[in-house]
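The values are calculated or read from the model by the stated rules, or taken from the named source; none is laboratory data. These numbers come from a predicted model, not from an experiment. Note that we place each Cβ from the backbone using ideal geometry, even for glycine, and neighbour counts take in every protein chain shown.
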Amino acid sequence: MDIFIQQVINGLVLGSIYALVALGYTMVYGIMGLINFAHGEVVMIGAMVALTVISMLSDSGLPGIVIALIGLGAALPVCMGTGFAIERIAYRPLRRAPKLAPLITAIGVSIVLQNLAMLIWGRNYHAFPPILPTSEHEIFGATITGLQIAIIVIAALMMAGLILLVQRTKLGRAMRATAENPPIAQLMGVDINRVISLTFVIGSALAAVAGLMVSANYSIAHYYMGFILGLKAFTAAVLGGIGNIAGAMLGGILLGLIESLGAGYIGDLTGGFLGSHYQDVFAFFVLICVLVFRPSGLVGEKVAERA
Amino acid sequence: MPFSRVTRMSLAVAAALALAACGDKKEEPAAQAAAPATPAAQPEVTVKLGHIAPLTGPQAHLGKDNENGARLAVDELNAKGLEIGGAKVKFELLAEDDQADPKQGTIVAQKLVDAKVNGVIGHLNSGTTLPASKIYADAGIPQISGSATNPKYTQQGFATAFRVMANDVQQGHALGEFAAQAIKAKTVAIIDDRTAYGQGLADEFEKAVLANGGKVLAREFTNDKATDFAAILTKIKSKKPEVVFYGGMDSQGGPMVKQLKSLGLKSVFLTGDGGCTPELIKLAGAAAEGQYCSLPGVPLEKMAGGKEFGDKFTAKYGQIQLYAPYVYDSVMVMADAMKRANSVEPAKYLPEIGKTEYQGVTSKIVFDGNGDLKNGAISLYQVKDGKWEYLQTIGGDAAADAAAPAGDKK
């Protein structure tokens, strides 16, 4: 039983990490209908900047949590600036182009950022200094670290915050208006360029938080880390219903649970015929099933096609 | 062009011998006069050696290290000024990048074959060495790898494939023996990364554990890009093995050790050469303490010419990463075979490689029928105070002289 609970906790932690990244994807998609494939790379840049600053301060004698916050404080503006620049350079000139064009520039930006990071931080794996306390808690015989609890809580808080932002604030209303119909929103006095820039900046700020949490949890950072993470988070966003903020969270958690329970039990359930190397196959099989029966995702709504 | 010179020269020699055998005494002086005339007109022969390793990507530092090992050997050979077949020989290194990618490996291999290299040193990874070895075998070009450890490489029946490092069968055996006898473990769990190297080593380890009367409680899998191992480690935890073995590289091994500790597993961690690096300790942090790894060969301090090689290499290229001494020996073995065959032509000196008895930096190099190193040694290390510390050597000639103080690896 405790093993089952441990697997559920593993899945929740992994799922919350996917959700943290998926929120950024889904927000940009919800407003612009664009899949920002460079989002995973922004997460990586957040992790790398935070790691660099934290490594420099790790011997300063400050409490770990303060150093982590300073690292985050450095990563936030860098990621926000990167997100802003990506939108200005790669997406805005193509806003009226066919939908395929910004998708291609998104992949291009992702490759450029990866190589840029490789030039700056090198090809080696970087270790995250152990500054955060690794307190372990027991729940029904299963262990969870304080950091992992923080990841789950932060993912939930960010989701709630984003929903509030979109539903309850003036900026949120402008975002929803832009999402519905940009030219009409502009006629109604919404500065859509500003709204879209802000969307990217907020999404990138989420990426900075995600980057710090991911590299702290696995104590590893690498120029290539954003690619796989972005792919999994994108899957989570689609699973939940891309464009829907609560859906990203749900999709992330679900994907995490499927992977964790799949790897943990698929071997025993099939009598050793399938092993843990089928963990990804299992996750993508579920995704295909969802897309066949609910093409808009689990909680996604069918939205009217717009130009 | 250099080839045609060599060919012409050896044709002249062959003609001279043939005529001598015929006993035609009138022709003989003419032929003898012609033979020395050729090297006099063209006193130098260039021998092209191909070297392949990943020079970009996550293993670039290891690839460059291999290349430097080969370069050092080539520079020394040129400084010495060898004479083979009556001509002065100049070695030239053609260094190529295979990105540790099997597809790129075959493209580069074909490129070297087209460039008519006299021999090939490499590749670094088993995954690239395996597909490329067929291309060299078809072209009849001898290949010596200093670091590809997958047993299949030399078992394909290619006369051209050699390696100067113990293979994964030997390493797997040593690891299994070590787990059973030194750690005294009866139960193990095995994880691998599904690459040619990781899977191969894990399979050999499993065989050795079973042969030593141990039990394999779980066999789990991951991939060479993963960072989260909580699910498979939790499953392993439920089986309570004494040892968790990982066949794969340090970039996964490091986080795996860390997660193993934080999930509260009581098992000790054991891995092969891919995880036997300072990088693993860096990534695992405090959790690395007390874990084990193995590495083919003996520590540099214990190698016959280790100290001298280390000084020469460090002065020129900086710190040795991993495989440089083995690559250096690979070049020397090839040159030695050319010397004994008195020819730089692949077809002529290839049989001589099999008869090699060469005292290299790393060990005395003698090949078995497959082209594998005879008596390859495997050394085991354990993390103590944040450093890999040498424990013992299994197999090999150097196992006897364990008198030298246990030093820091690399």
Self-check item: Pick from the stretch A:264-294, criterion at the interface with chain B (Cβ under 9 Å from one of its Cβ atoms), hydroxyl-bearing (Ser, Thr, Tyr) and surrounded by fewer than 19 Cβ atoms within 10 Å (Cβ to Cβ), ranking: farthest from residue B:193 (Cα to Cα)
Solution: A:265
Practice problem: Quick one: count up the residues across the stretch A:30-63 that are under 29 Å from residue A:247 (Cα atoms) and of a type in the set (D, E, K, R). | Solution: 1
Self-check item: Residues within the stretch A:191-205 that are of a type in the set (Gly, Ala, Ser) and buried (at least 24 other Cβ atoms within 10 Å of the Cβ), tallied
Solution: 2
Quiz item: Within the stretch A:116-156, how many residues are outside any strand (DSSP E or B) and under 22 Å from residue A:40 (Cβ atoms)?
Solution: 19
Quiz item: Out of B:179, B:166, B:218, which single residue is surrounded by 18 or more Cβ atoms within 10 Å (Cβ to Cβ) and within 28 Å of residue B:121 (Cβ to Cβ)?
Solution: B:166
Quiz item: What number goes with the only condition from (1) surrounded by fewer than 24 Cβ atoms within 10 Å (Cβ to Cβ); (2) away from chain B (no Cβ under 14 Å); (3) touching a residue at least 12 places away in the same chain (Cβ under 8 Å) that residue A:208 does not pass?
Solution: (1)
Quiz item: Of B:172, B:253, which residue is buried (at least 23 other Cβ atoms within 10 Å of the Cβ) and under 20 Å from the mean Cα position of the chain (by Cα)?
Solution: B:172
Quiz item: Would the stretch B:250-269 turn up any residue that is in contact with a helix residue (DSSP H, G or I) (Cβ under 8 Å, 6 or more places away or on another chain) and within 17 Å of residue B:391 (Cα to Cα)?
Solution: yes
Quiz prompt | For residue B:128: the one exception among (1) surrounded by 24 or more Cβ atoms within 10 Å (Cβ to Cβ); (2) among the polar types (S, T, N, Q); (3) farther than 21 Å from residue B:107 by Cβ | solution = (3)
Practice problem: Read through the list (1) of a type in the set (S, T, N, Q); (2) surrounded by 23 or more Cβ atoms within 10 Å (Cβ to Cβ); (3) more than 20 Å from the chain's Cα centre (by Cα), then give the number of the only condition that residue B:262 fails. | Solution: (2)
Quiz item: Any residue in the stretch A:12-24 that is over 30 Å from residue A:265 (Cβ atoms) and under 17 Å from the mean Cα position of the chain (by Cα)?
Solution: yes
Practice problem: Name the one entry in A:51, A:113, A:76 that is among the hydrophobic types (A, V, I, L, M, F, W, C), part of a helix (DSSP H, G or I), surrounded by 15 or more Cβ atoms within 10 Å (Cβ to Cβ) and within 14 Å of chain B (Cβ to nearest Cβ). | Solution: A:51
Exercise. Scan the stretch A:126-138 residue by residue and report those that are buried (at least 18 other Cβ atoms within 10 Å of the Cβ) and more than 25 Å from residue A:83 (Cβ to Cβ).
Key: A:127, A:129, A:131, A:132
Self-check item: Which numbered condition residue B:309 fails, given (1) among the hydrophobic types (A, V, I, L, M, F, W, C); (2) modelled with pLDDT under 90; (3) over 16 Å from the mean Cα position of the chain (by Cα); (4) closer than 21 Å to residue B:121 by Cβ
Solution: (2)
Quiz item: Which residue out of A:221, A:233, A:216 is under 27 Å from residue A:109 (Cα atoms), under 13 Å from the mean Cα position of the chain (by Cα) and at pLDDT 85 or above?
Solution: A:233
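Of the residues A:224, A:218, which is touching a Ser or Thr at 6+ places or on another chain (Cβ under 7 Å) and within 14 Å of chain B (Cβ to nearest Cβ)?
A:218
Residue-by-condition table, conditions (1) closer than 25 Å to residue B:378 by Cβ; (2) surrounded by fewer than 21 Cβ atoms within 10 Å (Cβ to Cβ); (3) within 14 Å of chain A (Cβ to nearest Cβ); (4) not acidic (Asp, Glu):
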position: B:69; (1), (2), (3), (4): yes, no, no, yes
position: B:82; (1), (2), (3), (4): no, yes, no, yes
position: B:102; (1), (2), (3), (4): no, yes, no, yes
position: B:120; (1), (2), (3), (4): no, no, no, yes
position: B:134; (1), (2), (3), (4): no, yes, no, yes
position: B:144; (1), (2), (3), (4): yes, no, no, yes
Self-check item: Odd one out for residue A:47 among (1) touching a strand residue (DSSP E or B) at 6+ places or on another chain (Cβ under 6 Å); (2) farther than 24 Å from residue A:199 by Cα; (3) not basic (Lys, Arg)
Solution: (2)
Quiz item: Which one of A:257, A:261, A:231 is within 12 Å of chain B (Cβ to nearest Cβ), in a helix (DSSP H, G or I) and either polar (S, T, N, Q) or under 29 Å from residue A:126 (Cβ atoms) (or both)?
Solution: A:231
Self-check item: Test: residue in the stretch B:329-339 that is closer than 26 Å to residue B:204 by Cα and not in a strand (DSSP E or B)
Solution: yes
Quiz item: Which strands (runs of 3 or more DSSP E) sit wholly inside the stretch B:186-299 and have at least 2 residues that are closer than 26 Å to residue A:224 by Cβ and within 11 Å of chain A (Cβ to nearest Cβ)?
Solution: B:187-192, B:215-221
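Does residue A:250 satisfy the condition of being surrounded by 17 or more Cβ atoms within 10 Å (Cβ to Cβ), at pLDDT 90 or above and within 12 Å of chain B (Cβ to nearest Cβ)?
Against the criterion (surrounded by 17 or more Cβ atoms within 10 Å (Cβ to Cβ), at pLDDT 90 or above and within 12 Å of chain B (Cβ to nearest Cβ)), residue A:250 does not qualify.
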